[in-house]
Amino acid sequence: MQRAMTASYLKQYCDTVLCWLIPLFLLVDCVNGALLQLYGSSFSVSLWYKIVVLALMAIATLLQQAKWALTLLLLLFCMLIGPALHWPELARRWILADVQLAVKALSPLLAFSYLTALAGRAPLSARRLLQHTLALSAIVLLLNALAGVAGLGFTAYQPLDGVAQSFLGIKGFFYSTNELSAVLLVISAALLCLSWPQHKLAYVLCSITALLLALSLLTKTGLFGVMLLVLLVPLLLQPAPFWQQQKKRLLVFSALLLLALLLLLANAEALLRLLGIYDKLSFVYQQRGISGILLSSRDYYAQQIWQTVSTHYPDWQRMLGVGQGGIALYLKKYFAELDWFDLYVFYGVAGIATFLLTFALFIRHSWQRSRQGVGRVLLLLNLLLLAVASMAGHILSSGMLWLPWALCNALLLQGAAKAEVANRR
């Protein structure tokens, strides 16, 4: 009896603290970047924040879903077996890098497990958590963008030798442009879902703001992902009878969308010049062709890394993974920035299993709820993130994305259902 009361108190304590901490995730990363720029050191603000959040989630999950928590711990152990073989000959920073990346890759699974359980035992707290997180995240994204426009923070890209690019993009105080683009995709999907049923004007404002933020970042993930969400979310949120009754209109809409895409491609040069990135893309095309533009030369780096691994390590070691330090011994560029590839090279079979398990869980969860409009939007979002992880990385290897991604998959359906009921009233 006493043990049960202690476990209940611990879960309640973890829930209370996490409901205060989770909404701050984007603000903490922004402050982390600001400290880095102003003082040359972030003082590990973001790192310690995420350690506390993950530790509290792990405790709560262990108390309620012990088998799942132990499964994740076992998977983490398996991921670190291969890299650990190199640790005696490597500096301490490579040990920390291997552990940190492995924890990042498993964080979406832990967060999703915890937040799903929270929605079951405290639905009101979960709903408030979603609302507070989305509201504060939107404010941080806007203020950060305004700071970037004012000339504060970092540019999205560094200038290239021999390439005249008038606009390098802005990312404010955030460190990684690609990770920020993925976060923008997730936050935009959630806000568009919640605004469309109740306030069409709010949907338009959210759409315009998200597109402007994506344009400022100048990433393919942000630009095409947000455009796709803005166009498709209203359709995906329609009830099932709509799809049966409006087949002809949907066909006309699809034809017009295809025509607009063709017109856009026909005037791509003018658009790219307007954005100021034509010279850069032209340079990349001359160097690497279409694959260089689509994959940003990641296929080239992946080929180099794989040749290095094949040359210096036997098959059994490749199956276990060689860690980041194992590649850095031979190559300066040790990340290909393709999540499935990097996880396999660094952590072997356990790494690719983590990649497959994560996307299988999230896609299955959204597929099972695809009869509802928000479920269909989540399915689209998860498929987009799978495409990004496969072609551009920075999804499972991201320290910023795991929390909002898990939060939306676990709680967005519940929040949207509440909003829909309120709208009917």
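Structure above, values below:
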quantity	calculated
Unmet requirement for residue 394, which otherwise passes all of (1) within 18 Å of residue 109 (Cβ to Cβ); (2) within 22 Å of the chain's Cα centre (by Cα); (3) assigned to a helix (DSSP H, G or I); (4) of a type outside the set (Ser, Thr, Tyr)	(3)
Sole residue being on the phi < 0 side of the Ramachandran plot and surrounded by 21 or more Cβ atoms within 10 Å (Cβ to Cβ), chosen from 381, 361, 331, 356	381
Count of the stretch 346-375 residues which are at pLDDT below 95 and among the charged types (D, E, K, R)	2
Selected residue (criterion: nearest to residue 402 (Cα to Cα)) from residues of the stretch 341-369 that are of a type in the set (Ser, Thr, Tyr) and under 18 Å from the mean Cα position of the chain (by Cα)	358
Complete set of residues in the stretch 136-154 that are in a helix (DSSP H, G or I), in contact with a strand residue (DSSP E or B) (Cβ under 8 Å, 6 or more places away or on another chain), buried (at least 18 other Cβ atoms within 10 Å of the Cβ) and small (Gly, Ala, Ser)	145, 148
Residues of the stretch 39-68 satisfying the condition of being without any contact (Cβ under 8 Å) to a residue 24 or more places away in the chain and among the small types (Gly, Ala, Ser)	40, 41, 42, 44, 55, 66
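To keep it simple, each residue is scored yes or no on (1) assigned to a helix (DSSP H, G or I); (2) surrounded by 14 or more Cβ atoms within 10 Å (Cβ to Cβ); (3) not aromatic (Phe, Trp, Tyr).
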{"residue": "193", "(1), (2), (3)": "yes, yes, yes"}
{"residue": "197", "(1), (2), (3)": "no, yes, yes"}
{"residue": "213", "(1), (2), (3)": "yes, yes, yes"}
{"residue": "222", "(1), (2), (3)": "yes, yes, yes"}
{"residue": "227", "(1), (2), (3)": "yes, yes, yes"}
{"residue": "230", "(1), (2), (3)": "yes, yes, yes"}
{"residue": "252", "(1), (2), (3)": "yes, no, yes"}
{"residue": "258", "(1), (2), (3)": "yes, no, yes"}
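The values are calculated or read from the model by the stated rules, or taken from the named source; none is laboratory data. Keep in mind that this is a model prediction, so the values were computed, not measured. Glycine also receives a Cβ, built like all others from the backbone with ideal geometry; neighbour counts cover every protein chain displayed.
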